[in-house]
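Working notes, structure below.
The values are calculated or read from the model by the stated rules, or taken from the named source; none is laboratory data. Since the structure is predicted, the reported quantities are computational estimates derived from the model, not experimental observations. Cβ: placed from backbone, ideal geometry, glycine included. Neighbour counts: every protein chain shown. The protein model used for the area step is the full one, side chains on, heavy atoms only, and it has no ligands, DNA or RNA in it. Shrake-Rupley method; radii C 1.70, N 1.55, O 1.52, S 1.80 Å.
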Amino acid sequence: MERLMPSEIPAALAASIVNPATYADPPKINAAFAEIRRNYPFAKARVEGFDPFWVASRHADVIAIETQPDIFLNGAGSNNLAPRSSVDMVKAATGENNLIRTLVTVDGAEHKALRKIGFPAFTPKALKALEADIRDIAREYVDRFVENAPHSDFVEDIALNYPLRVVMSLLGVPAEDEPFMLRLTQEIFAADDPDLNRSKTEVTPEQRLAAVSAVMKDLEDYFGKVTKEARERPTEGLNSLIANARIDGEYLTDRQLMGYYIIAATAGHDTTSNTVSSAMWALAERPELLAELQEHPDRIDGFVEESVRWASAVKTFMRTAVEDAEIAGQQVKSGDWIMLSYHSASQDEDVYPDPFTFDITRPRRKQIAFGTGPHACIGQHLARMEMRVLWEELLPRLDSVRLAGEPKLFKSNFVVGPKTLPIEFSVR
Ligand code: HEM
């Protein structure tokens, strides 16, 4: 019989999984979630300044919630772990629960219709046609990296820019606009991080929201021009697909259009960057792994898959219940807010034996770091392919690699990975 679990997480522990700084300290965040999985696997967190929320920490519970999309909605509340004050401000500013109206913040028929627009660009077949171009981009970065031996900040030299180039070429954004897109993405995703946010200081929730809104405004200005041009001269790029898409004969509304561009431009590179640098970090600490992958390049797929789990770069999304339901023996009420912890689900001992061992033989079907259900990451095949191609190009040229300093991580409870990864390496 299943043990009756407490329905509330102790206050200090709950506060630690909200605090962006905890996510920048892997042993700390891993220990916090290990304790939550052990003693409070599906329980409520009450944290000052936030509406109370349930925390789904186990693989099975994340799946149970994501596969009941009519009960647990993305758009019926904030789908981000935001403090009450910014949730209220967003509502006042937009009349909706989320700042942007996009795939991850809508549900049901609207979600289905929007997802259908971008979907053709992300199928394995469509991506196969891009592989040679992506390999060219990878080679360019690898050549430059090798030339700069023996030192590199791997984040700066490869992880940050390679995925950006890939996504921007898929979208059809010209190369000269990439630094602008990168800066704006970081200002959104690292809005709490004084090294990267717009004001370069610690921010209050109010300042954070004001800064993110200003970034959105810049993106709207940029994409307003993109829409105009794409309607006059359609191209093959995803941006053009979005600009010219129609639902029931009508172009997307301005809010849908902006949301689509923004998610397409932002969701695909920070996530992949963080995963790629986490993978290099794992490699730098495991000389035997480099030798194994060089000897058995067919194991690179397993390496990519494990690095996606290991990094679990997207930490959280939120859902809101619109009906009463039972999860893990707990009674969830209509209106309740729920955190899906992909970070914790990716370390669930019941699914991943020795979760803190980097093991490239784990079965791919268990991957939860891309989510599951109707909102499962639309870019997952692209992410896997671009990472495989990068390692196929880079690994044969490496003779050795080790850490040359302490890596530093982003402070965020949303998308996290190394901000710097100093390495020393030799080439063949
Ligand atoms: C390793 C890299 C990546 C990780 C870890 C990741 C993770 C995720 C996660 C956890 C979700 C939410 C899933 C859910 O609610 O069930 C998501 C959604 C999404 N991702 Fe990714 N992602 C990655 C790469 C990409 C790439 C390369 C793109 C596109 C260029 C992309 C575009 C999206 C979009 C558009 C959604 C929203 C889908 C929807 O709500 O229907 N992602 N991703």
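Taking the listed residues 334, 346, the one that is among the hydroxyl-bearing types (Ser, Thr, Tyr) and farther than 29 Å from residue 291 by Cβ is 334, with no other qualifying. Looking only at residues of the stretch 84-100 that are within 16 Å of the ligand (Cβ to nearest atom) and at pLDDT below 90, we find that the one that is surrounded by the most Cβ atoms within 10 Å (Cβ to Cβ) is 100.
For the stretch 350-393, the set of residues classified as among the acidic types (Asp, Glu) and either within 16 Å of residue 307 (Cα to Cα) or outside any loop (DSSP other than H, G, I, E, B) (or both) consists of 354, 359, 386, 392, 393, listed by residue number. Residue 386 meets the conditions (1) open to solvent by 10 Å² or more (accessible area, probe 1.4 Å); (2) closer than 30 Å to residue 81 by Cβ; (3) within 19 Å of the chain's Cα centre (by Cα) in every case but one. The failed one is (1). Screening 224, 237 for residues that are within 16 Å of the ligand (Cβ to nearest atom) and surrounded by fewer than 22 Cβ atoms within 10 Å (Cβ to Cβ) leaves exactly one candidate, 237.
Of note, residue 334 satisfies the criterion of being modelled with pLDDT of 95 or more and over 23 Å from residue 25 (Cβ atoms). Can you name the residue in the stretch 345-362 that is open to solvent by 30 Å² or more (accessible area, probe 1.4 Å) and of a type in the set (Asp, Glu) and is also nearest to residue 36 (Cα to Cα) among such residues? Here the answer is 349. Of the candidates 326, 306, the single residue that is open to solvent by 10 Å² or more (accessible area, probe 1.4 Å) and either more than 24 Å from the chain's Cα centre (by Cα) or touching a residue at least 24 places away in the same chain (Cβ under 8 Å) (or both) is 326. What residue, of 397, 365, is surrounded by fewer than 23 Cβ atoms within 10 Å (Cβ to Cβ) and free of Cβ contacts under 8 Å to residues at least 12 places away in the same chain? So the residue among 397, 365 that is surrounded by fewer than 23 Cβ atoms within 10 Å (Cβ to Cβ) and free of Cβ contacts under 8 Å to residues at least 12 places away in the same chain is 365. Does residue 253 qualify as being crowded, with 22+ Cβ neighbours inside 10 Å and either near the ligand (Cβ under 9 Å from one of its atoms) or at pLDDT below 95 (or both)? Against the criterion (crowded, with 22+ Cβ neighbours inside 10 Å and either near the ligand (Cβ under 9 Å from one of its atoms) or at pLDDT below 95 (or both)), residue 253 does not qualify. Only one of the listed residues (419, 411) is under 20 Å from the mean Cα position of the chain (by Cα), under 18 Å from residue 153 (Cα atoms) and either in a loop (DSSP other than H, G, I, E, B) or more than 16 Å from the ligand (Cβ to nearest atom) (or both). That residue is 419.
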